[in-house]
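**Q** There's a structure below that I have some questions on.
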Amino acid sequence: MRVKIEAVAETYRLTSKGYIPIVLRLVKDRKKKVIRLGISIEKSYWDATKNKIKPNCPNFEYLENIITEKLSKFQKQVLEFQSIGKDFSLNQLIEAVERPTKNISISDYLNSVIEKLTKENRIGNATHYQALYNSLERFTKINQLQFVDIDVPFLNKYETYLRNIGNKNNSISIKMRTLKAVYNKAVKDNIVKKDYYPFNEYNVSKLKDSTPKRSILKEDIQKIISLDVQTISKRPQSLLQFSKDLFLFSYLGCGINMVDMAHLKRSNIVSTRIVYKRHKTGKQISFLLQPYALEIIQRYENSNNDYIFPILDDSIHATAEQQVRRIKKVTYVANKNLKKIGESINLSIPLTTYCARHSFATILKRSGINVAIISEALGHSDLKTTQIYLDSFENSQIDEAMKNLL
């Protein structure tokens, strides 16, 4: 499609001196953009028939040079795009001319983010970004995709594509939230102007289904504690007991997740507390060891491993990728065993390691704990908001609240 680029006078817009601004007008696919040149003249010096400044205008040559130079840059960029057969938007054209040193494709930028996260051993996050890259690569020509191309129509088309290939709301939400995070990083890195930001109009939160109930009652926790796993299955009892212990330690440990539990070492035991940094955020967490949680730790004391739980072994799981695979495998096995445990005590929902996080917060909330400590974040897919609240309180307040767990 042909691009029309011309100098025009905005006769309807006057400066404080009563002059009319001279601008470049770009037209493509019935869409228009205006490039301000920072020059203005008296209306009488504008030739409306020829769309030019009249030769008798003061500083005529200087003004003409500004117009010609900018016009030439845009025309040259159009020819460059056409020479490589690139279909482009006006936003892309403007970015290429106005900010040539930052003309980075989404493909290159995503790869740089993935590489950085991998080097920092943030494999979980890197996996999300890689999944987004793979998805965009199947959807469009990602090597030609610029951030300015990601507008509301693009996002709507991408959402439709994801639905057509069978993605559900939560899966689409993860990809869109990751894309939004990438865009935010690009704005911060001055790759794209905030003027083009599409996520103020495209509402990512609309995609998220309400999270199914994942918490159980305090009475159910007591049933799990009292349960003799030998009555459940002929499968290796150690695996059932281990799965039970992981669940209960998470519940009694402020909802600690599997990744952080797997990385706990004996050096994280400080007096009667567990002190560690969250693998995901780097924030320091400290909680008092409840008597039953201490029993669980003592059950695995004979291990030669530095880790509290026999999940990771540095001689086997040396890289971050190997650790991620190992934790996923252990979580999968634990959830299969927990499902059996849940069925044996007639739970109405499948018991999983994640139920422990929700149950920790829900039971404290039902016990009358201040909502500033236990927030309404249980409708979310994680307890990040709750943890933010918890971090703002003294350990003594959290310790007192945790007495309500059993």
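The values are calculated or read from the model by the stated rules, or taken from the named source; none is laboratory data. Worth saying up front: this structure is predicted, and the values here are computed from it rather than measured. Cβ sites come from the backbone with ideal geometry, for glycine too, and all protein chains shown count toward neighbours.
**Q** So the check is Cβ under 9 Å with 6+ separation or different chains; which pairs have a first residue in the range 1-25 that's of a type in the set (Ser, Thr, Tyr) and a second one that's not in a strand (DSSP E or B)?
**A** Hits for this filter: THR11/LYS43; THR11/ALA48; TYR19/GLU42; TYR19/LYS43.
**Q** Which is at pLDDT below 85, of a type outside the set (Ser, Thr, Tyr) and surrounded by fewer than 16 Cβ atoms within 10 Å (Cβ to Cβ), of LYS193, LYS188, LYS265, LYS234?
**A** Matching residue, one of LYS193, LYS188, LYS265, LYS234: LYS234.
**Q** Does any residue in the range 271-284 that is over 22 Å from ILE296 (Cα atoms) come within less than 9 Å, Cβ to Cβ, of a residue that is surrounded by 15 or more Cβ atoms within 10 Å (Cβ to Cβ) and among the aromatic types (Phe, Trp, Tyr) six or more places away or on a different chain, and which pairs are these?
**A** GLN284/TYR276
**Q** Is it the case that the range 241-250 has a residue that's assigned to a helix (DSSP H, G or I) and within 30 Å of ASN156 (Cα to Cα)?
**A** no
**Q** Against the condition outside any loop (DSSP other than H, G, I, E, B), among the charged types (D, E, K, R) and surrounded by 15 or more Cβ atoms within 10 Å (Cβ to Cβ), how does GLU95 come out, does it pass?
**A** Considered against the rule, which asks whether it is outside any loop (DSSP other than H, G, I, E, B), among the charged types (D, E, K, R) and surrounded by 15 or more Cβ atoms within 10 Å (Cβ to Cβ), GLU95 comes out as yes.
**Q** Whether any residue in the range 41-50 is touching a residue at least 24 places away in the same chain (Cβ under 8 Å) and of a type outside the set (A, V, I, L, M, F, W, C) is what I want to check.
**A** Looking through the range 41-50, at least one residue is touching a residue at least 24 places away in the same chain (Cβ under 8 Å) and of a type outside the set (A, V, I, L, M, F, W, C).
**Q** Restricting the search to the range 252-268, which residues are of a type outside the set (A, V, I, L, M, F, W, C), under 26 Å from ILE216 (Cβ atoms) and not in a helix (DSSP H, G or I)?
**A** GLY253, GLY255, ASN257 - these are the residues of the range 252-268 that are of a type outside the set (A, V, I, L, M, F, W, C), under 26 Å from ILE216 (Cβ atoms) and not in a helix (DSSP H, G or I).
**Q** I would also like to ask the following. Can you tell which of LYS206, LYS180, LYS175 is basic (Lys, Arg) and more than 16 Å from LEU136 (Cβ to Cβ)?
**A** It is LYS206.
**Q** Would you mind telling me which numbered condition in (1) in a helix (DSSP H, G or I); (2) at pLDDT below 85 THR211 fails?
**A** Just one mismatch for THR211, condition (1).
**Q** Here's a follow-up. Looking at VAL78, VAL113 in this structure, which one is in the same structural domain as SER135 (by the TED database) and touching a residue at least 60 places away in the same chain (Cβ under 8 Å)?
**A** VAL113
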